Amino acid sequence: MIASLNGSLLAKSPGTVVVDVGGVGYEVFISSRTYDMLPENGQVCSLFIQTVVRADAINLFGFSKKEEKELFLLLIAVSGIGPKLALTILSGIGVGEFCQAIMAKDLARLTTFPGIGKKTAQRLCVELAEKVDGLSGSDAGASAVPRMSDTPTINVMGDAVSALINLGYPQATAWQVLRTVEEQLAGEVESPPVEELIRRALRLLAAR
C-alpha cells in the first residue's frame with residue numbers, strides 16, 4: 001500500500017494532482033487546503049497518501065499534513081461518509097477547528113457542508129467525540145499569526161458561507177473566497193463579525 005509520494009508535480013487543480021515518481025504519474029485526489037499548500041508545477045511535491053480500494057477502482061487521496069490524513073481516516077470510518085465527502089469537509093475546515101466543532105457538538109457548523117444533514121452531524125459528534133481529542137491541537141503553531149478559525153467564534157465562517165450560498169454562489173467558491181478574506185484579515189482583526197467577512201468576500205467576488 002502506498003503511504004506517501006515524493007516526486008515532481010506535473011499538474012494540479014483544486015481537486016486533483018499528478019505526481020511523477022520515477023517516470024510514473026500518480027493521480028491523487030486532494031482537498032482544497034492541500035491544494036493551497038502545493039508548490040508550482042515542476043517542483044518537488046510530497047504528500048501523505050491513503051489508498052482506497054473499491055471493486056471498480058483504486059484511488060489515491062493525498063494530504064499535505066499527517067493530521068489531515070488521520071482526520072480523513074476517522075471521517076470515512078463513520079457510516080455515510082465516503083472519501084469524496086470527507087475531502088469536501090477537509091476543504092472547508094481545518095483539523096483543529098473541526099475537532100472543536102465535534103467536541104462542542106456544533107451542529108450548525110457541521111451542517112454547512114453539502115451532504116451533511118443534522119442526523120449525519122449528530123452521528124459525527126457521537127462517533128468522533130473521543131477520537132479527535134489527540135488531533136484537536138494539531139493546527140496550533142502552524143502559523144505565528146492567529147487565524148480566525150482558531151478563535152472561539154468558529155461559527156462565523158460557517159455563517160458567512162451560508163450567506164454567500166443564499167446569494168447564489170457555489171459552496172466551493174464561497175469557501176475559497178472566504179479563506180482569502182481570512183488571510184487578508186490575519187493579524188488585523190482577531191474576531192471579525194460575519195458582516196465584515198461577507199462585505200469583503202463580495203468585494204473580491206465582484207472584482208473577478
Rh_Kirkwood(segment 1-61) over Cα pairs, Å, one decimal, evaluates to 11.6
A correct Kirkwood calculation over the Cα atoms of the chain returns a hydrodynamic radius in Å of 17.9
In the chain the DSSP beta bridges are antiparallel at a rate, in percent to nearest 5, of 90
Computed over the chain: longest principal axis from alpha-carbon atoms vs helix 83-92 long axis, angle to nearest 10 degrees, is 40
When the charge dipole of the chain is computed with +1 on Lys and Arg Cβ and -1 on Asp and Glu Cβ about the Cα centre, the Cα farthest towards its positive end, among ALA55, GLY42, LEU87, belongs to ALA55
Quick calc: nm separation of the 7 Å Cα→Cβ label points for ALA186 and LYS66 -> 2.2
Between the Cα axis of helix 171-185 and the main Cα principal axis of the chain, the angle (0 to 90°, nearest 10) is 70
Measuring from the longest principal axis of the C-alpha atoms of the chain, the long axis of helix 155-166 (C-alpha) lies at a number of degrees, nearest 10, equal to 90
Under the helix-only model (-39500 (n - 2.57) for each DSSP H run of 4 or more, divided by the residues of the chain), the mean residue ellipticity at 222 nm, to 500 deg cm²/dmol, is -12500 deg cm²/dmol
Those GluC sites (Glu not before Pro) from segment 1-107 that are DSSP loop and have at most 16 other Cβ neighbours within 10 Å turn out to be GLU40
With x for Gly and Pro, the residue-by-residue ³J(HN,Hα) of segment 11-23, computed from phi through the Karplus equation 6.51 cos²θ - 1.76 cosθ + 1.60 at θ = phi - 60° and given in whole Hz, is 7, 8, 8, x, x, 8, 9, 10, 10, 8, 10, x, x
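Every number in this text was worked out from the coordinates using simple rules, so none of it is lab data. Here the structure is a predicted model, which means the values were calculated and not measured. Don't worry about glycine lacking a Cβ; one is built from the backbone with ideal geometry, like all the others, and counts go over all protein chains shown.
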